[in-house]
Amino acid sequence: SAVISQKPSRDICQRGTSLTIQCQVDSQVTMMFWYRQQPGQSLTLIATANQGSEATYESGFVIDKFPISRPNLTFSTLTVSNMSPEDSSIYLCSALTGNSYEQYFGPGTRLTVT
Amino acid sequence: KNQVEQSPQSLIILEGKNCTLQCNYTVSPFSNLRWYKQDTGRGPVSLTIMTFSENTKSNGRYTATLDADTKQSSLHITASQLSDSASYICVVSAPGTASKLTFGTGTRLQVTL
């Protein structure tokens, strides 16, 4: 199993600023992901965080807006850049371990942009 | 387009009662189906994972069923408790990595006294 922590747990930010969210897993994992969950909506995959290389982004998400780092097997960051109120959402980190189907999620970061 | 539809959207039941949540999907090809519980302000936590060949799986008071022919699944909660109040999300996976997951919008369950 894997226990995932995220920092911060919540934040209120002003339009035009950027916020970096940290994700720490308590064990080495094969894959890490970032999701967005807008109010009342299901989870949407933003990108796969690749260790030591550029993240793989899903359609509709770009690196300039959501730069991602993954310097090692247990840590990743997601930056939400030049924020607007439309970025208000919960951002969740997720990880896969080994060959298991099991996907673990962090507690999420609740972002409010004013 | 791959879709996962859940019903009902929300449900209120009395503590101690049973309930069943439904999930219909159109994802193809199909690898596995998962049910997650998401408490308010928390990330989803896995309850069950079923592959194509499994038609039922239990985790304590939670029992999931899968009919891969009709592309339907259900999650049955027995003897509900106040702590069962949460959103329950059905997630269907196509073969491959997490980018192949399709999430339902969830059923919000409230258990009351």
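Each value in this text was obtained by applying a stated rule to the coordinates, not by laboratory testing. Everything quoted here is computed from the prediction, not taken from an experiment. Virtual Cβ from ideal backbone geometry, glycine too; neighbours counted across all protein chains shown.
Would segment B:85-102 turn up any residue that is in contact with a His (Cβ under 7 Å, 6 or more places away or on another chain) and over 30 Å from A:Glu58 (Cα atoms)?
Here is the first cut: in segment B:85-102, the ones in contact with a His (Cβ under 7 Å, 6 or more places away or on another chain) are none.
So far as segment B:85-102 goes, no, none of its residues is in contact with a His (Cβ under 7 Å, 6 or more places away or on another chain) and over 30 Å from A:Glu58 (Cα atoms).
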- Reported set for segment B:29-51 where residues are of a type in the set (Val, Ile, Thr) and within 10 Å of another protein chain (Cβ to nearest Cβ) is B:Val45, B:Ile49, B:Thr51
- Query: What is the residue count in segment A:42-61 for residues that are in contact (Cβ under 8 Å) with a residue 12 or more places away in the chain and either outside any loop (DSSP other than H, G, I, E, B) or within 11 Å of chain B (Cβ to nearest Cβ) (or both)?
  - Reply: 8
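Those residues that are in a loop (DSSP other than H, G, I, E, B) and over 13 Å from B:Leu11 (Cβ atoms), I need them from segment B:94-113; list them, please.
So the first thing to find is which residues in segment B:94-113 are in a loop (DSSP other than H, G, I, E, B), and the list is B:94-97, B:104-106, B:113.
Answer for segment B:94-113, where residues must be in a loop (DSSP other than H, G, I, E, B) and over 13 Å from B:Leu11 (Cβ atoms): B:Ala94, B:Pro95, B:Gly96, B:Thr97, B:Gly104, B:Thr105, B:Leu113.
Quick grid of which residues meet (1) in contact with a Ser or Thr (Cβ under 7 Å, 6 or more places away or on another chain); (2) in contact (Cβ under 8 Å) with a residue 60 or more places away in the chain; (3) outside any strand (DSSP E or B); (4) over 24 Å from A:Ala47 (Cα atoms):
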{"residue": "B:Thr20", "(1), (2), (3), (4)": "yes, no, no, yes"}
{"residue": "B:Cys23", "(1), (2), (3), (4)": "yes, yes, no, yes"}
{"residue": "B:Ser28", "(1), (2), (3), (4)": "no, yes, yes, no"}
{"residue": "B:Met50", "(1), (2), (3), (4)": "no, no, no, yes"}
{"residue": "B:Ser58", "(1), (2), (3), (4)": "no, no, no, yes"}
{"residue": "B:Thr63", "(1), (2), (3), (4)": "yes, no, no, yes"}
{"residue": "B:His76", "(1), (2), (3), (4)": "yes, no, no, yes"}
{"residue": "B:Val92", "(1), (2), (3), (4)": "yes, yes, no, no"}
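Given A:Pro107, A:Pro71, A:Pro39, which one is within 11 Å of chain B (Cβ to nearest Cβ) and in a loop (DSSP other than H, G, I, E, B)?
Numbers: A:Pro71 fails: within 11 Å of chain B (Cβ to nearest Cβ); A:Pro39 fails: within 11 Å of chain B (Cβ to nearest Cβ).
One residue alone meets the criteria, A:Pro107.
Suppose we filter A:Gln28, A:Gln103, A:Gln24 for residues that are surrounded by fewer than 17 Cβ atoms within 10 Å (Cβ to Cβ), over 13 Å from the mean Cα position of the chain (by Cα) and not basic (Lys, Arg); which single one remains? Step through it out loud before you land on a result.
Details: A:Gln103 fails: surrounded by fewer than 17 Cβ atoms within 10 Å (Cβ to Cβ); A:Gln24 fails: over 13 Å from the mean Cα position of the chain (by Cα).
When all the criteria are applied, what remains is A:Gln28.
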- Taking the residues in segment B:85-113 that are away from chain A (no Cβ under 13 Å) and surrounded by fewer than 19 Cβ atoms within 10 Å (Cβ to Cβ) as candidates, determine which candidate is farthest from B:Phe30 (Cα to Cα). B:Leu113
- Output yes when any residue across segment A:75-89 is under 30 Å from B:Gln9 (Cβ atoms), part of a loop (DSSP other than H, G, I, E, B) and within 14 Å of chain B (Cβ to nearest Cβ), and no when none is. no
